[in-house]
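Worksheet: one structure, shown below.
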Amino acid sequence: MKRRRGFLSAFALVCLGAGCSGTTTGPGPGGGGGGGKGGDDVVLPPITRDSLKRNPAHELKCDNPDDPSLGDTPLVRLTTPEYHNTIRDLIAPLEMPIAKRPTLPLETPFEGFTNHAQGQTPSTELVESLETGSQDVGAIVSAGLGKLEIVGCPPSGASGEKACFDAFVDTFAQRAFRRPLDGGERERLGAYYSSMRATYDFNDTMRLVVNGIVQTPQFLYRVEYGDGSGSKIKLTGYEVASRLSYLFWDSMPDADLFAAAADGVLDTPSGVEAQVLRLVKDTRSASALGQFGREWLDIGRIESFAEDKDVAVFPGFDKTVAADMKAGLGMYIDETLLGEGGGLKTLLTSNVGFVSAKAAAIYGVGAPAGAGLQRVELNAAERKGLATQPAILAGLAARSEHSPIKRGVWMMSHIMCQPAPPPPVDLNTKEPAPAPGSNLTKRERTVMEHEAVALCKSCHVQIDGIGFGFEGYDAVGKYRTTEKVADGSMKAVDTSAVIKETGDMDGDYASGIEMIDAIARSEQVAQCFVEHFYRYALSRSVVDEDGCNIARITDQTVANQGDFAGMLNGLVKTDTFRYRTPFER
Amino acid sequence: MSNTNANRRRLLQSLGLTGAAYFLPTLRNTPIARAQTGIPKRLVIFYTHHGVLPWQWATGSTGTTFELGPSLAPLAAHKMDLQLLSGVDQKALDVSRRDGCGHATGESGSLTAQTQVNQAKARGNGPSIDYHVSEGFKRLNGGKSPTLLDSVRSVMADRMHNLSLWGQPYSSPTGNLPVEYNPQTTFTRMFANGVPTGTKTTVDPIPFNKRRSVLDYANGEFKSVANRMGKYESERLTQHSDLIRDLEAKLAGMSVQMTNGGGVTAQCARPNGIAATSGSSGWWDATSKSVPLLMQAAIACDLTRVFCIQCQEPAPSAFGYTPGAVGTTDLHDLVHKLDVGMKEDNDKSRLDIAKVYYRKHAEVFADLIQKLKDIKEADGNSALYHTAFLWAGEIAQPGHSYNNNKWIVAGRAGGYLKTGYLHAWQGDNVVWTADKPAAPSNGDVLATLANAVGVPTTTFGLPSAFKGEVAAMKA
């Protein structure tokens, strides 16, 4: 609970203390654009040219800072967790036994995220799984109708059946569609009910009705029509409610959100922000936002490498140790990103660890007292931030040898948003084993190999320079000062690092720890963080039209030391979050 | 706003996914039904030698956008029925790799995911996947094989250049399993009891009709919402709606009648022209024609649900080679005189022959796929849809590498497996790159196939090399 309070208080501080109205002072240095008006007459902060040039790999565009375009508004289907959570909340207090949950097809991440609309192509297996699951939902609801507290349900006799059905439409169906049904929807559902009731009994008919409701696009997709016309169409309060609930809870709106939508509270930025304060306080937000962290950082794939180690080289390293390291990484992200004072900077610089007795040696600490994983302070001279968590270091390594290349590539791609170009097609990328009797360290061998070929050098001068900052950690993530080389001798490792051709991190660093400090201070990295969350929150790619929003949210994130709450605050205030583009016919 | 849509179009164009074409791969890839119809699932294995020429195989990163290379060109018509697995590691062989003949070692481990017993016997320390699955089918059927033959292992090979040279990949827990060189012997085993017939029964249509009515209502909502949205949203909803309509059609068929008592299909018939023997000068022509026909008949008549085909080496004449030519003694020598790293810079006369050799495998595989497609099941799908059809081999490429194998799975095992997909995995000891997930072991892949055909498998092969079912292979 401490963590949730911390996140809430941080959000309140940023939101209420830093001007949620969006008002700000005049243009900043460089004066690229003055303050403008958003869709609700919100005065937008100015954007400077510098804000658009944080990342040399892709400068942002902001042609009209006073009235930025919205970007795309894709049709998004519920993800697998969203689907299961929505069924859970829709039928509560009834319950769907876990054994009856349909097994939906594995989701394919697009640009790293499973909720990206472009990765949501429906399949035969999806449709058939949903159909199977819907039969069970229908059976559970029709059998437990009396527990749903719907007036007139279940009916005491045939004469009350229609009234029960009408009340059911106004409650259950409305919650399933996440808005009141329009006339046509009500008419079609009524016709289906009547048609089935003519053949089957009431319970059987209601089973089929529920079965049908949870297979409609209004349930399976987040359908957003908006209300109005023009180039920016304002989302209805109900549509904003769904955006908020699925972003923070991975589920449907609750009664308070529905009420806020009905009362028009969500039609204003301040109303939205008030709900966000409430949503982030709820424990359900940990799961949804934690999922963002895992997908952003590609943790699932990294973890799959972390457990695959050569036990001949690392005796004692087994699946238990690997599992403890992975669990420790999850707790680290949870605390440093979402916890008190949490956010980007803490994520990148904290020296805490969550350590089991069995994995303690890898973390460089004594076995902590108590069972399970314990929160401990790690040696600040040895470890700093996410990139030095053992599970990350082990995941970005081969089975028996560490890999500065993997570590550098990951940092460039996920932390800096300046991904290294892919290797040439069909290049044999096998890392050669050291020559027998060689006395060269991995770093020395890597330099030799890449210096020798101009084609390699052009990219690896960036990749390796960053990856070398982590030479102080072996392939299981254990800190070290020496490395065993092929001739059997021990040589001192060189952890100096170089960053080149970035927006604001270039330099020579005496150690990886120094490099991490520079990365944590970087505005390019802050923008990278914002872009990932922006993509996750909107379930789509970042496009040119998003430049103004990205720049503004990054400005705010930088001003707030990279905290997560500041970024959320910036995002929910944008027109992109509360408006949609008109449909193209 | 036109700018926004232009951006989206540009994005789709950059991915080669413009307009309706964006949805086509899945539409082409969506059969009208899946299992749960009583239609049996089968495991078919096509086994070849000398790996592949990696740069001639396929290109693309993990996903649905990939291109078949020249070696796989004969499979173009079946591209959307394939799942390409690039980077499969034979991790068990890392544990106890033996010196000597790499082919024999690979054969011992490829389908067993186990270490090698010894060089002489070239056998894995455990059962191969075909045995595991056929035994699983027995267990699921009360201890008795559900079909006349629990499995068939047929070989396309010259007796003078047969398996005794290298060993073979099929084994029980205690020893190698017998294989059959003579197609007519297999034919006799299959049809000793005559041509089987299936029986049909009518089922209660009411539950199916109810489900159809629900889908009909839901589909009406899809159409209504699609009509209110823009063309891109409408395309997505229509795609979903089409799949619902397909499911309705499937339910309609099931409510009329369904096959009962096995998977005997309308195409079940005794095949004609099965060769009497192999080992003659025309052995390649005989076996390459007869074995596919036997496989087709075995599946159509539900005589076995595990069929293995080993293409030891096509006859030299089949790929334009004369032993002793181009400075080589035989095919084995020719292949190993290629340097994979040199790609097209290899000796052209040798490389040209090798290219035809590798392409020949794809021609046979394509023929086998087509024969499975030609069998129509009671649910309207082909037998291929209900089959997991693995193309594997003993080594990855001519250099005797056991890791980074390029395997192919055709068919969907009743909807369990995805198709139209390339996995560009990172094989062992290869630099990790952002677009390459970790490679599974061959044991992981084989367990996935066993589960796909309905044999519950929580581990397979050497335990320390097993990580689990490959979720990414599943639909």
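The values are calculated or read from the model by the stated rules, or taken from the named source; none is laboratory data. Since we're looking at a predicted model, the values are computed, not measured. Counting neighbours? That spans all protein chains shown, and the Cβs are built from the backbone with ideal geometry, glycine included.
Does any residue of the stretch A:450-460 turn out to be at pLDDT 95 or above and under 29 Å from A:Glu307 (Cβ atoms)?
No, every residue in the stretch A:450-460 fails to be at pLDDT 95 or above and under 29 Å from A:Glu307 (Cβ atoms).
Just need a number here: residues in the stretch A:140-177 that are among the β-branched types (Val, Ile, Thr), away from every other protein chain (no Cβ under 14 Å) and farther than 13 Å from A:Leu208 by Cα.
First pass over the stretch A:140-177, keeping only residues among the β-branched types (Val, Ile, Thr): A:140-141, A:150-151, A:169, A:171.
Imposing the further condition that a residue be away from every other protein chain (no Cβ under 14 Å) reduces the set to A:140, A:150-151, A:171.
This time we only want the ones that are farther than 13 Å from A:Leu208 by Cα, so: A:150-151, A:171.
Here the count works out to 3.
Residue by residue through the stretch A:549-585, note down the ones that are of a type in the set (Asp, Glu) and within 14 Å of chain B (Cβ to nearest Cβ).
Across the stretch A:549-585, the qualifying residues are A:Asp575, A:Glu584.
Among (1) small (Gly, Ala, Ser); (2) surrounded by 14 or more Cβ atoms within 10 Å (Cβ to Cβ); (3) more than 12 Å from chain B (Cβ to nearest Cβ), which single condition is A:Ala380 missing?
(2)
For the stretch A:526-582, give me every one of the helices (runs of 4 or more DSSP H) that falls completely inside it and has 1 or more residues that are touching a residue at least 60 places away in the same chain (Cβ under 8 Å) and closer than 19 Å to A:Gln275 by Cα.
Working: elements: A:547-559, A:564-573, A:575-578.
Result: A:564-573, A:575-578.
Quick one: count up the residues across the stretch B:62-84 that are free of Cβ contacts under 8 Å to residues at least 60 places away in the same chain and part of a helix (DSSP H, G or I).
Of the residues in the stretch B:62-84, 1 are free of Cβ contacts under 8 Å to residues at least 60 places away in the same chain and part of a helix (DSSP H, G or I).
Which numbered condition trips up A:Leu126, out of (1) in contact (Cβ under 8 Å) with a residue 40 or more places away in the chain; (2) under 22 Å from B:Val214 (Cα atoms)?
Evaluating A:Leu126 over (1) in contact (Cβ under 8 Å) with a residue 40 or more places away in the chain; (2) under 22 Å from B:Val214 (Cα atoms) leaves (1) as the failure.
When you look at A:Asp250, is it surrounded by fewer than 22 Cβ atoms within 10 Å (Cβ to Cβ) and either in contact with a Gly (Cβ under 9 Å, 6 or more places away or on another chain) or more than 9 Å from chain B (Cβ to nearest Cβ) (or both), yes or no? First the steps, then the outcome.
Details: surrounded by fewer than 22 Cβ atoms within 10 Å (Cβ to Cβ): no; either in contact with a Gly (Cβ under 9 Å, 6 or more places away or on another chain) or more than 9 Å from chain B (Cβ to nearest Cβ) (or both): yes.
For A:Asp250, the condition - surrounded by fewer than 22 Cβ atoms within 10 Å (Cβ to Cβ) and either in contact with a Gly (Cβ under 9 Å, 6 or more places away or on another chain) or more than 9 Å from chain B (Cβ to nearest Cβ) (or both) - is not met.
If A:Phe219 passes every condition in (1) in contact with a strand residue (DSSP E or B) (Cβ under 8 Å, 6 or more places away or on another chain); (2) within 13 Å of chain B (Cβ to nearest Cβ); (3) part of a helix (DSSP H, G or I) but one, which one does it miss?
Among (1) in contact with a strand residue (DSSP E or B) (Cβ under 8 Å, 6 or more places away or on another chain); (2) within 13 Å of chain B (Cβ to nearest Cβ); (3) part of a helix (DSSP H, G or I), the lone unmet condition for A:Phe219 is (1).
Please enumerate the residues belonging to the stretch B:306-364 that are part of a helix (DSSP H, G or I) and at positive phi.
Selection gives B:Val326, B:Gly327, B:Lys343.
Looking at (1) of a type in the set (A, V, I, L, M); (2) more than 30 Å from A:Ile553 (Cα to Cα); (3) out of contact with any strand residue (DSSP E or B) (no Cβ under 8 Å at 6 or more places or on another chain), which is the only condition A:Ile463 fails?
Condition not satisfied by A:Ile463: (2).
Taking the stretch A:204-236 only, how many residues are more than 25 Å from the chain's Cα centre (by Cα) and among the acidic types (Asp, Glu)?
Result for the stretch A:204-236: 2.
Do the conditions hold for B:Arg245, that is, is it modelled with pLDDT of 85 or more and in a helix (DSSP H, G or I)? So that I can check it myself, show each step before the final result.
Details: modelled with pLDDT of 85 or more: yes; in a helix (DSSP H, G or I): yes.
Answer is yes for this residue.
Quick test for you: out of A:Ala286, A:Ala261, A:Ala241, A:Ala274, pick the one residue that is touching a residue at least 60 places away in the same chain (Cβ under 8 Å), over 21 Å from the mean Cα position of the chain (by Cα) and in a helix (DSSP H, G or I).
Testing whether each residue is touching a residue at least 60 places away in the same chain (Cβ under 8 Å), over 21 Å from the mean Cα position of the chain (by Cα) and in a helix (DSSP H, G or I) leaves just A:Ala261.
Would you check if A:Tyr225 is part of a loop (DSSP other than H, G, I, E, B) and within 11 Å of chain B (Cβ to nearest Cβ)?
Working: part of a loop (DSSP other than H, G, I, E, B): yes; within 11 Å of chain B (Cβ to nearest Cβ): yes.
Against the criterion (part of a loop (DSSP other than H, G, I, E, B) and within 11 Å of chain B (Cβ to nearest Cβ)), A:Tyr225 qualifies.
Mind checking which residues of the stretch B:219-242 are at the interface with chain A (Cβ under 7 Å from one of its Cβ atoms), surrounded by fewer than 22 Cβ atoms within 10 Å (Cβ to Cβ) and under 12 Å from A:Thr216 (Cα atoms)?
Once the filter is applied, which keeps residues that are at the interface with chain A (Cβ under 7 Å from one of its Cβ atoms), surrounded by fewer than 22 Cβ atoms within 10 Å (Cβ to Cβ) and under 12 Å from A:Thr216 (Cα atoms), the stretch B:219-242 yields B:Gly220, B:Ser224, B:Val225.
Where residues in the stretch A:228-238 are on the phi < 0 side of the Ramachandran plot and either assigned to a helix (DSSP H, G or I) or of a type outside the set (A, V, I, L, M) (or both), which of them is farthest from the other protein chains (Cβ to nearest Cβ)?
The selected residue is A:Gly237.
Any residue at all in the stretch A:520-538 that's at pLDDT 95 or above, more than 21 Å from the chain's Cα centre (by Cα) and either hydrophobic (A, V, I, L, M, F, W, C) or within 30 Å of A:Lys442 (Cα to Cα) (or both)?
yes
Among (1) more than 29 Å from B:Ala439 (Cα to Cα); (2) modelled with pLDDT of 90 or more; (3) in a loop (DSSP other than H, G, I, E, B), which single condition is A:Val376 missing?
Among (1) more than 29 Å from B:Ala439 (Cα to Cα); (2) modelled with pLDDT of 90 or more; (3) in a loop (DSSP other than H, G, I, E, B), A:Val376 violates only (3).
Tell me which of these A:Asp267 doesn't satisfy, since it passes every other one: (1) at pLDDT 95 or above; (2) buried (at least 16 other Cβ atoms within 10 Å of the Cβ); (3) away from every other protein chain (no Cβ under 12 Å).
(1)
Which of the residues spanning the stretch A:183-202 are in a helix (DSSP H, G or I), at the interface with chain B (Cβ under 8 Å from one of its Cβ atoms) and not small (Gly, Ala, Ser)? Break it down into steps so the answer makes sense when it comes.
Just the residues of the stretch A:183-202 that are in a helix (DSSP H, G or I), to begin with: A:183-197, A:202.
Now drop any that are not at the interface with chain B (Cβ under 8 Å from one of its Cβ atoms), which leaves A:184-185, A:188-189, A:192, A:195-196.
Within the stretch A:183-202, A:Glu185, A:Arg188, A:Leu189, A:Tyr192, A:Met196 meet the criteria.
Of all residues in the stretch A:46-91, count the ones that are acidic (Asp, Glu) and under 24 Å from the mean Cα position of the chain (by Cα).
Final tally of qualifying residues: 4.
Of all residues in the stretch B:441-475 being more than 21 Å from B:Thr387 (Cβ to Cβ) and polar (S, T, N, Q), which is surrounded by the fewest Cβ atoms within 10 Å (Cβ to Cβ)?
Of everything passing the filter in the stretch B:441-475, B:Thr458 is surrounded by the fewest Cβ atoms within 10 Å (Cβ to Cβ).
Is it fair to say A:Ala387 is of a type in the set (Gly, Ala, Ser) and either away from every other protein chain (no Cβ under 14 Å) or more than 32 Å from the chain's Cα centre (by Cα) (or both)?
For A:Ala387, the condition - of a type in the set (Gly, Ala, Ser) and either away from every other protein chain (no Cβ under 14 Å) or more than 32 Å from the chain's Cα centre (by Cα) (or both) - is met.
Residue-by-condition table, conditions (1) away from chain B (no Cβ under 14 Å); (2) assigned to a loop (DSSP other than H, G, I, E, B); (3) over 18 Å from A:Ser539 (Cβ atoms):
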site	(1), (2), (3)
A:Glu82	yes, no, no
A:Asn85	yes, no, no
A:Asp89	yes, no, yes
A:Met96	yes, yes, yes
A:Gln118	no, no, no
A:Leu126	no, no, no
A:Gly138	no, no, yes
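With modelled with pLDDT under 85 and touching a Pro at 6+ places or on another chain (Cβ under 8 Å) as the only criterion, which of A:Gly30, A:Gly35, A:Gly119, A:Gly39 stands out?
That would be A:Gly35, the only listed residue that is modelled with pLDDT under 85 and touching a Pro at 6+ places or on another chain (Cβ under 8 Å).
Which ones in the stretch B:170-191 are farther than 16 Å from B:Ala300 by Cα and among the aliphatic types (A, V, I, L, M)?
Listed by number, the residues that qualify are B:Leu177, B:Val179.
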